[in-house]
Every structure is written in structure tokens, then in C-alpha cells.
1. Would you check if Lys267 is surrounded by fewer than 16 Cβ atoms within 10 Å (Cβ to Cβ) and either within 20 Å of Ile379 (Cβ to Cβ) or touching an Asp or Glu at 6+ places or on another chain (Cβ under 8 Å) (or both)?
2. How many of the residues in segment 6-43 are over 20 Å from Phe407 (Cα atoms) and either among the hydrophobic types (A, V, I, L, M, F, W, C) or over 22 Å from the mean Cα position of the chain (by Cα) (or both)?
3. If you check Asp319 against the conditions, is it under 24 Å from the mean Cα position of the chain (by Cα) and among the acidic types (Asp, Glu)?
4. From the list Val193, Val162, Val138, Val170, which one is assigned to a loop (DSSP other than H, G, I, E, B) and modelled with pLDDT of 95 or more?
5. Mind checking which strands (runs of 3 or more DSSP E) fall wholly inside segment 1-43 and carry at least 3 residues that are touching a residue at least 60 places away in the same chain (Cβ under 8 Å) and closer than 30 Å to Met102 by Cβ?
6. Output the residue which, of all residues in segment 64-81 that are surrounded by fewer than 14 Cβ atoms within 10 Å (Cβ to Cβ) and not hydroxyl-bearing (Ser, Thr, Tyr), is nearest to Ile396 (Cα to Cα).
7. Hey, could you check segment 210-221 for residues that are more than 16 Å from the ligand (Cβ to nearest atom) and closer than 30 Å to Thr73 by Cβ and say which is nearest to the chain's Cα centre (by Cα)?
8. Mind checking which residues of segment 395-419 are of a type in the set (Gly, Ala, Ser), under 18 Å from Leu12 (Cα atoms) and buried (at least 22 other Cβ atoms within 10 Å of the Cβ)?
Amino acid sequence: MEKLVVKGPTPLKGEVTISGAKNAAVAILPATLLIDGVCTIENLPNISDIKISCEILEKLGAKITWNNKNSITIDTTNINTTKAPLDLTSKFRASYYLIGAMLSRKGEIEVGMPGGCKLGARPIDQHIKGFERLGATVTVEKGTISAKAKKLTGNSIYMDIVSVGATINVMLSAVLAKGTTTIDNAAKEPHIVDVANFLNTMGADIRGAGTDMIKINGVEKLSGNATYSVVPDQIEAGTFMLAAVATKGDITLKNCITKHLESITAKIIEVGGKVEDHGDSIRVWCNQRPQKANIKTLPYPGFPTDLQPQMGVVLSIADGASIINESIWESRFQYTDELNKMGAKITAQGKTAFFEGVKKLSGAPVYSTDLRAGAALVIAGTVANGSTEIYNLEHIDRGYENIEEKFRKLGAKIERVTE
Ligand code: UD1
């Protein structure tokens, strides 16, 4: 079993380069199924979710060549099965994108119910509603989703809930459909824009991505033969920004789009941190104990739920009492039990958590309960006095490229140890 051992406290200082966005990459890879040919994807994060995505695509018949650890060339000319490997698809959430992509490409797909972080109920009714509006038949039986369509036809779709996954999935299924599809009440996250940019580079006609109304004019085919670079990861960037504040450090993040970080910047300034925005890089530092603040997670451009646990670490050591209201996921406060083992004083009840700021945390053995909770514990270990041992690293490795190396370069005393 592997664990991370972090010895603190250490103020994190220096430069870190942000990797490509996990949540964009896990959608762009299945989107390559819409192309009858070859394309190259660059700035892919080197994380386990990407390796599994590539394995799934290979099992469907794609040929993948790794150009380096962050770039692949993928040939999807010979997709020869419509049954996705159940053992692999159940390992992560984004396997649901195979449904939209394969409905477009083959008119048929069988895929296991998607896995991923346990953050509470994660229904996919809005995805299914969208596919059905385009003419597909979808059944869910014995843990398998089967979707079929003779010919998908454009239609208007109103999303009852703002959903990142459903917006991207319906976009994937509409690109090659006959006629025009509109998605009303669409999600606006940067990775939605990135997937649309990727598809448009390959010949799709998607307009309005990044607003709440997306219009997709169906095209005959996507031609490929292009190279696309994945957008920088807003959540990885936010993780390091909050690490700078929590550790009273000074970090400059390279390769990021600061426009995507505005809600995080605003909250960092509110708790007493300092931010210098250079457009494609950002410097964050903090010379004082963080101040209290209240947070409500919201769809983009609101404060992202995927940075809620990392912000929770900042508020756990803030001067004063804070409240976090989690409006997206019902079980996103599991990490607070782990922080409490380190001396934090957090009471979580349903979708609300109360933080009574303490002066310091102290090292303890803790368990990463999901991906972002894991990143929060790495920050907490760097803040805490003494040694913190973090277990369940498979969660962290799903979404952070070289987390310990990046933290070590910033001065953290962190080692991966095999027991
Ligand atoms: C994506 C991200 C995840 C992030 C989340 C919210 C990926 C791979 N994952 O997850 O990291 O935390 O966005 O920013 O991109 N919902 C329904 N019905 C549906 C779909 C969603 O009720 O059909 C609800 C969910 O239960 C949740 C909310 O809508 O309460 C938002 O979920 P959604 O945006 O779909 O999250 P994911 O795409 O799964």
C-alpha cells in the first residue's frame, strides 16, 4: 500500500506549471470517436483517468501512439465494437461520455454505470433526457446502460439542472445529428468551451459554448488531421492558489487562464491573500493568518465545488468562524472528519459545514475519501505541525499529475512511501 508522508509546517514558495484540465481531457478523448481519422491531443494530464480512457478507446478499436507523456496521436478509423469494457468504464465518472460519442459514431453503445468519486447521488437523467430528445432509446438494466438510435435528429433540449456532464454529452450526440440542436440552461464551465473548441477544430458547428444556450448545427462528418491542446486545469490551479494561502506561502502558477480563476481570486482576497494577475500566469501569496469567510459552491462562474475541500483547509485555520454551503454534491464534507483528526473544529450537517478556525493543525494518519479531498489533505499536511500520513492515494492519482513532485518543488517535505 502506498501513502504520502508530509512533514510540516512549510510555507510553499516558488513556481508551479499547471497541467491540462482533467475534466476537459476526459471528454475530449471520447470525442475523438466522432472523427473518422487521426488527430493529436497535447497538454493531456498524465493521470490515471486518462490512462483508463485510452485503454477503453483501444478496446473499442482505436489506435493510440504516445508522443510523450502528455501527448497522444489517436486513430479512430476502425472502431469495431459497440460494447465498452464494463470493468474499465465503472472505474471513473466520465465514461458516460462514451454514450453521446458512440451514439453519434455507431448509433449504439453498451456501457457500465459510471463510477468515480462518491459525492452522493449522481443521477444521469438529464443525459438520458437529452439523448431521447434526439431520437435515441436508452435502457438501464443490471448496471448497464444501452443506448440506440437509427439516426439522431436535432431538437431543442431544456436542462432541468445545470449539469456539466449532460451538457457535454448532449453536445457530443448532436454534432453529427441531422439538423439543429439547442441546449437551454447549459453549464458554462471552461471545459465545456474546450470540448466545443476541440470539436469545432475538427469541423463541428457548435456556437454559444460558455453561455447558457448552446446551438449545434449537425454536420456530415468530422475530418480530424489536426492537433489540439487541452485547456489548463482550473481546479489544479485553484488547488495551488489555496495551498499558497493556507501555508502563508508565495506561489507563481504558470500555464493557467486567470479569467477562469476569478471566483477563487475573489475569495482569496477576502481571506487576506494577495493576487497578481498576469493573464497566463498568476502569483498568490499570503503574509497573515487567513480571515474567516463564507462560501457557497455554485456552477461556473460561481465558486467551484471541486475546490471546496481545499478552501475548507484555509477556513479550518482562519481567524474566526466560517460557513461553507455545498450546493452541488450532498456528500462532499467527508474530508472534514479527516481534518478534525488533525485538530480542526468543523461540524458538517447535510450540505452545510461550520468552521471554527483553529490556530494550527497537527499531523495525523488520514484517508483521502475522494479526489479533491485528497488534494485538501496534502495541503493540510503541509500546514500541520509534525507528520501527516495520507492513505487511499488512488483517488489523488486519478486527477493530479505528479502531485508530490509539484509540492516538493515548492518546498514541501513530502514523500510517497510503499508500506
Ligand atoms: C462534473 C465534474 C465534477 C464536478 C461537477 C460539478 C467531470 C468529469 N466531473 O461532474 O468534477 O464536481 O461537474 O462541477 O467533469 N445532476 C442530475 N442529473 C443529471 C446530471 C447531474 O440531477 O443527469 C445533478 C448532480 O447530482 C449534481 C448536479 O446536477 O447535483 C451537477 O452535476 P454535474 O454538473 O452533472 O456533474 P458531473 O458532470 O457528474
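The values are calculated or read from the model by the stated rules, or taken from the named source; none is laboratory data. These numbers were taken from a predicted model, which means no experiment stands behind them. Neighbour counts run over all protein chains shown; Cβ positions are idealised from the backbone, glycine included.
1. Working: surrounded by fewer than 16 Cβ atoms within 10 Å (Cβ to Cβ): no; either within 20 Å of Ile379 (Cβ to Cβ) or touching an Asp or Glu at 6+ places or on another chain (Cβ under 8 Å) (or both): yes.
No; evaluated as a whole, the condition is false for this residue.
2. The qualifying residues number 15.
3. Details: under 24 Å from the mean Cα position of the chain (by Cα): no; among the acidic types (Asp, Glu): yes.
Judged against the criteria, Asp319 is not a match.
4. Numbers: Val193 fails: assigned to a loop (DSSP other than H, G, I, E, B); Val138 fails: assigned to a loop (DSSP other than H, G, I, E, B); Val170 fails: assigned to a loop (DSSP other than H, G, I, E, B).
Being assigned to a loop (DSSP other than H, G, I, E, B) and modelled with pLDDT of 95 or more holds for just one of Val193, Val162, Val138, Val170, which is Val162.
5. Numbers: elements: 2-8, 13-17, 38-42.
Qualifying strands (runs of 3 or more DSSP E): 38-42.
6. Checking each candidate, the answer is Lys69.
7. It comes out as Ile216.
8. Filtering segment 395-419 for residues of a type in the set (Gly, Ala, Ser) gives 399, 411-412.
Pick out the ones that are also under 18 Å from Leu12 (Cα atoms) and you get 411-412.
Listed by number, the list holds a single entry, Ala412.
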